[in-house]
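Structure record follows, encoded as C-alpha cells.
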Amino acid sequence: MPRVPVPAAPSADSPAAPPSAALPDTGFLRQPQVLSFVPISKSTLWRRVHARTFPEPVKLSERVTVWRAEDIRRWIEQQGVAQ
C-alpha cells in the first residue's frame, strides 16, 4: 500500500490558518496577523507600543492580546501621510 503524506498539525508557534491578504475593516488581530500587515519585528512592535507610537493592544484574557483592526488601519494610513 503506498504511503500518503499527512499534513502536520499546526504547532503553537504557527497560526492555524494563514492571515488573510486584506486587512479587515473591523475585528481583532493577533500579533502574527498584525506583523503580516506591518513589516516590523516583534521587538519593534512592543517597543513602539510602550513608546505610544503604535496602537495600544487589548487584553481579551490573561494569554490573549489583540489589536483592533480599525486602529491598525488608521496607524498605517497615518504612516503614509507622515512621510
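Read-outs throughout are calculated quantities, based only on the coordinates presented, and are distinct from any laboratory measurement. The model shown is predicted, which means the values in this text are computed figures rather than measured ones. Glycine gets a Cβ as well: all are built from the backbone with ideal geometry, and neighbour counts include every protein chain shown.
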- prompt: If you take the residues in the range 42-78 that are polar (S, T, N, Q) and either surrounded by 12 or more Cβ atoms within 10 Å (Cβ to Cβ) or part of a loop (DSSP other than H, G, I, E, B) (or both), which one is farthest from the chain's Cα centre (by Cα)?
  reply: Thr53
message: Which residue is surrounded by the most Cβ atoms within 10 Å (Cβ to Cβ), if the candidates are limited to the range 26-41 and must be β-branched (Val, Ile, Thr) and under 12 Å from Ile72 (Cα atoms)?
response: Val34
query: When both residues are 6+ apart or on different chains and their Cβ atoms are under 7 Å apart, which pairs have a first residue that lies in the range 55-83 and is more than 14 Å from Leu29 (Cα to Cα) and without any contact (Cβ under 8 Å) to a residue 24 or more places away in the chain, and a second that is surrounded by fewer than 16 Cβ atoms within 10 Å (Cβ to Cβ) and not hydroxyl-bearing (Ser, Thr, Tyr)?
result: none
